[in-house]
Structure formats: C-alpha cells, structure tokens
Number of protein chains: 2
Amino acid sequence: MKKERRRFSKEEYLARQLKVRQSMNASNVDALIIYDPANMFWLTGYDGWSFYVHQCVVISTNGDLFWYGRGIDAKGAELTTDLKLKNILSYPDDYVMTPEKHPMEHLAGILKEKGFSNKRIGLEKDNYYFSARAAESLYSSLPDATFSDHTGLINWQRAVKSETEITYMKRAGKVIEGVYERVMQVAEPGMRKNDLVAEIYHAGVKGHQGHYGDYASFVPLIGAGEEAAACHMTWNDEPLKNNEGMFLELGAAYARYHCPCSRTLFLGTPPQQYLDIEKVINECIENAIGMFKPGNTCAQISDNFTATLKKYGYEKNNRCGYPIGCSYPPDWGERTMSLRGNDQTVLEENMTFHFMPAIWFDDWGFEMTESIRVGSNGGECLSAVPRKLLVK
Amino acid sequence: MKKERRRFSKEEYLARQLKVRQSMNASNVDALIIYDPANMFWLTGYDGWSFYVHQCVVISTNGDLFWYGRGIDAKGAELTTDLKLKNILSYPDDYVMTPEKHPMEHLAGILKEKGFSNKRIGLEKDNYYFSARAAESLYSSLPDATFSDHTGLINWQRAVKSETEITYMKRAGKVIEGVYERVMQVAEPGMRKNDLVAEIYHAGVKGHQGHYGDYASFVPLIGAGEEAAACHMTWNDEPLKNNEGMFLELGAAYARYHCPCSRTLFLGTPPQQYLDIEKVINECIENAIGMFKPGNTCAQISDNFTATLKKYGYEKNNRCGYPIGCSYPPDWGERTMSLRGNDQTVLEENMTFHFMPAIWFDDWGFEMTESIRVGSNGGECLSAVPRKLLVK
C-alpha cells in the first residue's frame, strides 16, 4: 500500500530534506513549522484533503522531522509518508474548530518536550492555512522562542524540478490535451456552462493516454461574454451563446503536479478583434519560449512581452506568469518568483512556469497560455494543445 | 448580467448586513475585516475563485461596506455584487505574492483615509486565508487601532437559514441523489478509482432534475480497503477490487450551498462486520433525526449517538457533525458549533447540519451520513439517497 502511494524514491525525499536543512542553517533557523500543504507533500509525501484543519510538518536542523495534525488524519500520514509512527503526532479532536483552545498550543507542548522552547523557529507567515491565530497561539505558548518569517523557504527549494517531477508535469500535460479535445468535441451554442464543465472535469480526471487525472488546484474557470472581462468567475447554468467568445482557464494534474493551459473558444465567426489579439499573443508566446533559458531573468521575459504588446498598441498591468509544480487549492502557483518587470530572479534549467499573457479588456478577454520548462537552449512546452483561437 | 448572477434579493442582503452590524455593536467593534470567502459571499454576493490572493470585505457600524482585492478581480466584484463602483477598491498588481510589501498595508492606507486609524477593528484571526502576515501588516500599519478576534461573528449569523437558502440546499440534495444513482450504475470491480471519480464529478456538475451543480468545497474522497481507515485521502488510478468496501465522502453544491452525503459501497458480498455496523448507524441516524428540533443541544445529539454506539460496543472519539451552508474550499462546514459532548449550543429551526456518524477502524471504515435541517418537530433530510450499505 505505501509503495503504491509514495510518489518519489526515498532518496529523492532525503535529498529534499537535506536541501531544506541547508537552507535553514543559512537562514539561522533551528526548526521550521510547515503549513503549506504542497510543502508538506514535497518534503514528506503527505497527501490528503485535511488542510481544512490545522496541521503541519516540523523539520529541525538537528534531525527532527515529524507530521502533526488531527488524530483522524494520522492514518493518512502513515499511508502516504515514510515517517515512522513515533514521528506522526496528533492532537485530540476537541481541539478542532473551537475558540477555547488551539492545535498550535498543543504543538507548543510537543516542541517544549523536544527542547525547542528557546530556539529559533521559522514560520510560513503568509501561507494560506497558517492563520493569525495559529501564529499568536505559538507566540504566547512559547514566549522564549524566537520566531521569524520564512514563508518561501521551501517553495524556493521546489523551483528546479527533478526528472520525475518533470515527468509528472508532462503527464498532466497529456491530460490537459485530452481535456481540450473533449471541449472541441462537445462545446456548442445552447449547451449550459455547467454541462461543458462536467465534460471538462470528466476528461481531466479520467485522464489521457494512460495517465490518470488528479484534482487541479483551481476549478475550471470560464469567462463568457462580458464575464470574460473578469478573471476568476466560475460557471453557472447559463447557455453558451452563438457568436460569443469565452476563455477557458484550465489545468490538469497528475500526482499533485500541474500543467495549466488556457485557451479562448469562439462559437461562431470571431470578429477581427479576436483575430488581431490571437496574432499578437502568438508572437508573444513564440518570443517568450525562446527566452526561457538559464541566465535570463523573470524581468527580461516580462519586459519582452510588454514591448511586444506595446508594439501593437496593447498593454497589461499585471504579471504575465509564475512558477508551477505540485500544489493544493486554492493555487497552483509556487508563490516565489513572478514574471514581472521588477523581478530579477535568474532562470535555471528545469524551472517550470505558467506563462500567462492573458488580457482582460473592459467587456471581453482573451487567454492563451502555456506551461513551460526552462531548457538549456530555450523553453519546452509541457503540453501540446493547439496554440490558437479555438473556433467552432 | 448582474441579475442573473445575484443569488438573493436585495432585501435579503440588507437584512444580513443589518444583523451583522447589530452583532458588531454588541461586540464593540467599529469595523470588521472579512476574509472568509463564504462570509464575503453571504454578505455581498461576491463570488469568484480569487481567494488565492489577499482580499476582503470591510463592513463598519457607521455605514461602510466595501470590497477590497486585486485589481483584476474588481470586475468580478462589479458583476456579482450590488456594490457601487466607489465601494469596489483594489490594490496594484505588484502587491501580489511578494515579500516586499503586503496588500494589507495598502488597505491600512484606505482605512486611515476613512477615519479608522484609532478605531476598534475586528478580524477573523482563525480563518484560512487570513494569514499571520496579513494580521501583522495591519498591526504595524495601524498602530493606534485596537484589534480583536471575531472569527465566528458572521459565521454565527449564517447559522439559521432563510427559505431561499434551504431551497438551494435541497437543490444540492437533488444533485447528490443523481451522483449516487450514477455511482450505482457504473461502479464495478476493475474500474480505476479515477474513472469512478470522473463519473462523480460529471454527475455532480451536470446536476439532476433541472438543477445544475456548482463545485463542492471538498473534492470527492474515496477510502477503499485499508485506506478506508484514513479519512481524507483522495483518488489515484488503482482499480476497485471485488469483495472490498469503500466509503464515498461526497457532497453536491448549488449556488455555493452544499448538501454533503456519504455512503459506503461494497462490491461483492459484504462480510458481517459491514452489516452489523450498517444496522447500528441506521439506528443512530433514526434517533438523531428525531432530535434535530429547536431546544435540543448539540451535546444532546452527540451524547445520544455515543450512547447508541456504546450499546453495541462501538466508540468514536471525534465529533459527529457540524453546521453546513454556503462555503468555499477547503471546507464545507460553517465552523461554529460542533456536534460533540461539550457543545451546549441550543438548536433553532432551519439550522442545517451534516450529521456524520462515520467510524474509522484500524484497517477499514464505514461512512453513512445525512445533511439535516432542524425542523419544528424533528429533522428533515436534505437529500433522499438510499440510506443503506450500497452493495453491487
């Protein structure tokens, strides 16, 4: 059972733990309390939809590595990680969702026993799930500890992907190809949006070419008509209209690794404005792919994109991409670098990005995006969905 | 467009806002910063998958009510709420996911302009999404304000449902009936788990009896074989086995309102232990339904359940249910009451609960649950999925 659930070799997990401990030493941190579910997964393999209660992994520079969560989730930690039972620790159920006490107070007791009362403890202070109250419970329960913010410490270690990680992302890439094949088969005017999304989910979880689909960290986003001017709206039961454009912001996942890919679909005969922007965005993507190579910076990719847009009279006031990999809702981004003008991060081989030259206008929008691996001589797309305005 | 997207009457939103302001007055809070996406939705209608960046709704006792979020999401606020444009405020894109500055610092500037520098500001300190850093950014940017924790203030206002809310939950109940019909049609030994989940998603989003399906706040959870001893594991591509039991923890949603419903499915001939527990849990549910009436307490329902279990030699060391309604990932619970022995909350008519007498043993588990409305003479189930061990 454990062997089937474990997604990486024992050696790969150990290498990750070593990298993290080195980074902790460099950051003067004795112990790190990890709340980000993707960081917990990446470091130990822990996988489960249990992040709606307080839970974490704790790693120290002197050898500790343990999972801490709700009692009923301990079995999941046993089944998905290589941790010994003594390193799977839990809190009683009456700590769940009550104002009277907090799971982090119980963790503080464990940390005291382990000798961390007056140590330097790193926190992921800007992670979803690490609530203000979680932090304040730790502060008051461990008054002699020194706390510091290391939100991105592990996320940065995840930036360069291993061979297996790239393999998983390419499998997710195959799955998203299957999703768009299904979309092109079934989408038609009069179809309710939820019926289209039902097909997207079905294709995305059934998988493609032998690869199953895991849940993606975003639900399918559809922006049709005026709603295409808004970025993050979800479906209802309105029908798709003839001669209307809609963006599909979709992604597939395999073993928690993602391949996002957005396209714009037009049912009917697209007006010139769609054809114009299609041409421009295609040029932007072609240019960008060539630039996803070691030594270039995030800012250079963003600047090139902005310049191409400007040449044709368009502009975009938000970042044009972000790193991707393993993730959990609500986000499939890694939250380290951003493809924007002030980010001087230098690219390394096997970093992976969602390049997102999406444009939202006042009453319509256009999305055509690619997930890209940084290759030694330029980028490699992780999926091969036809790169064009989809017309049906 | 707005009319189609708005889910409740203007009067219902105003009544909700009035209730919240009364509760704020009683709690000595001048302004409340609302991070919980379900609270934002319930109070203003705002609906979008944008909670992966910092955003909130701010309400004050002296009349303020505004949405605050990322610039590219302002259009979504315009399309889904009745807020005037002057009450849709946003932060520039370079505040997104950077350690250099924080969206809450920008909000602090807005709050200063509006005269809240030295006011009493309520926070949802234990909400997902309200990170430690969000709180600390506010503390340092508004040093003269008085902050206090009001995590559940709005959640408690949501406890008693309106007629329209009950209608939506019953529609979700219809959808989950359709999901289980599909499960019984397609599940068979040898089917990959992901293929079963693909059908579950398809049925859940396509909807049933004319009602569409929204995304549920949990993904489908399947525990098969030994994994049924763990509560929150998700699918992979292993095949379903003959003569194996699995729990399905599923829920459907309509317009963000949920109806969870779990069942256990056995492919083959169930051993006696499944039949035994089926009988016991059925008795527990029958008893509980009668007790979901005004005047009874959460503790009484829990105690009755525990006593019934004990009579047959079983025990359960975790809560047996929680309130439900509108929600966003990662949780479909309301996080106020819990059905457990120390919760003396008195039930009121039209409160709604997921009664969850699930039992996890060392190497198997059994789930059979109901979503229940508190009725004047006892509970009313929100869906009519056959209440039995599903055998195929």
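The values are calculated or read from the model by the stated rules, or taken from the named source; none is laboratory data. Worth saying up front: this structure is predicted, and the values here are computed from it rather than measured. Every residue, glycine among them, receives a Cβ derived from its backbone with ideal geometry; neighbour counts consider all protein chains shown. Just the protein is used for accessible areas: all its heavy atoms, side chains included, with ligands, DNA and RNA removed. Shrake-Rupley method; radii C 1.70, N 1.55, O 1.52, S 1.80 Å.
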Review point. Which numbered condition trips up B:Asp363, out of (1) within 14 Å of chain A (Cβ to nearest Cβ); (2) out of contact with any Ser or Thr (no Cβ under 8 Å at 6 or more places or on another chain); (3) farther than 21 Å from B:Cys231 by Cα; (4) open to solvent by 40 Å² or more (accessible area, probe 1.4 Å)?
Key: (3)
Check your understanding: In the stretch A:211-232, which residue that is in contact with a helix residue (DSSP H, G or I) (Cβ under 6 Å, 6 or more places away or on another chain) and closer than 29 Å to B:Lys193 by Cα is surrounded by the fewest Cβ atoms within 10 Å (Cβ to Cβ)?
Key -> A:His211
Point to revise | Number of the condition not met by A:Trp235 [criteria: (1) in contact with a helix residue (DSSP H, G or I) (Cβ under 9 Å, 6 or more places away or on another chain); (2) closer than 14 Å to A:Leu196 by Cα; (3) surrounded by fewer than 23 Cβ atoms within 10 Å (Cβ to Cβ)] | key: (3)
Exercise for review: Would you please list the contacts, defined by Cβ atoms under 6 Å and residues six or more apart or on different chains, that run from a residue in the stretch A:201-217 that is closer than 22 Å to A:Pro330 by Cβ and within 7 Å of chain B (Cβ to nearest Cβ) to a residue that is open to solvent by 10 Å² or more (accessible area, probe 1.4 Å) and assigned to a loop (DSSP other than H, G, I, E, B)?
Suggested key: A:Gly213/A:Gly207; A:Tyr215/B:Val219
**Study point:** Which numbered condition B:Met40 misses (of (1) over 22 Å from the mean Cα position of the chain (by Cα); (2) more than 11 Å from every other protein chain (Cβ to nearest Cβ))
**Key:** (1)
Review point. Of the residues B:Lys241, B:Lys279, which is over 21 Å from A:Arg6 (Cβ atoms) and either touching a residue at least 60 places away in the same chain (Cβ under 8 Å) or open to solvent by 30 Å² or more (accessible area, probe 1.4 Å) (or both)?
Key: B:Lys279
Exercise for review: Looking for whichever is within 10 Å of chain B (Cβ to nearest Cβ) and hydrophobic (A, V, I, L, M, F, W, C) here; the options are A:Leu250, A:Leu196, A:Leu275, A:Leu265. Which one fits?
Suggested key: A:Leu196
Revision key, fill the gap. The residue from A:Arg340, A:Arg335 that alone is within 12 Å of chain B (Cβ to nearest Cβ), on the phi > 0 side of the Ramachandran plot and open to solvent by 10 Å² or more (accessible area, probe 1.4 Å) is A:Arg335
Review point. In this structure, does A:Phe355 turn out to be modelled with pLDDT of 95 or more, over 21 Å from A:Ile176 (Cα atoms) and crowded, with 20+ Cβ neighbours inside 10 Å?
Key: no
Practice item. Inspect all residues belonging to the stretch B:138-160 and state whether any of them is in a helix (DSSP H, G or I), touching a strand residue (DSSP E or B) at 6+ places or on another chain (Cβ under 8 Å), more than 30 Å from A:Glu105 (Cβ to Cβ) and open to solvent by 20 Å² or more (accessible area, probe 1.4 Å). Key: no
Revision key, fill the gap. Across the stretch A:179-192, the tally of residues that are open to solvent by less than 10 Å² (accessible area, probe 1.4 Å) and within 13 Å of chain B (Cβ to nearest Cβ) stands at 1
Exercise for review: Go through (1) in contact with a strand residue (DSSP E or B) (Cβ under 9 Å, 6 or more places away or on another chain); (2) within 14 Å of chain A (Cβ to nearest Cβ); (3) at pLDDT 95 or above one by one and return the number of the condition B:Pro330 breaks.
Suggested key: (1)
**Study point:** Positions within the stretch A:11-47 being at negative phi, free of Cβ contacts under 8 Å to residues at least 60 places away in the same chain and in a loop (DSSP other than H, G, I, E, B), in sequence order
**Key:** A:Tyr46
Check your understanding: With (1) acidic (Asp, Glu); (2) within 14 Å of the chain's Cα centre (by Cα); (3) more than 22 Å from A:Gln157 (Cβ to Cβ) as the list, and A:Glu315 as the residue in question, which single condition is left unmet?
Key -> (2)
**Study point:** Considering residues of the stretch B:126-137 that are touching a helix residue (DSSP H, G or I) at 6+ places or on another chain (Cβ under 6 Å) and of a type outside the set (Phe, Trp, Tyr) only, the residue most open to solvent (accessible area, probe 1.4 Å)
**Key:** B:Asp126
Review point. Yes or no: A:Leu79 out of contact with any strand residue (DSSP E or B) (no Cβ under 8 Å at 6 or more places or on another chain), outside the structural domain of A:Asp214 (by TED's automatic domain parsing) and either more than 24 Å from B:Leu339 (Cα to Cα) or buried (at least 18 other Cβ atoms within 10 Å of the Cβ) (or both)?
Key: yes
Study note, to complete from the structure: Subset of the stretch B:99-125, residues buried (at least 20 other Cβ atoms within 10 Å of the Cβ) and within 14 Å of another protein chain (Cβ to nearest Cβ), comes to B:His102, B:Pro103, B:Met104, B:Ile121, B:Gly122, B:Leu123, B:Glu124, B:Lys125
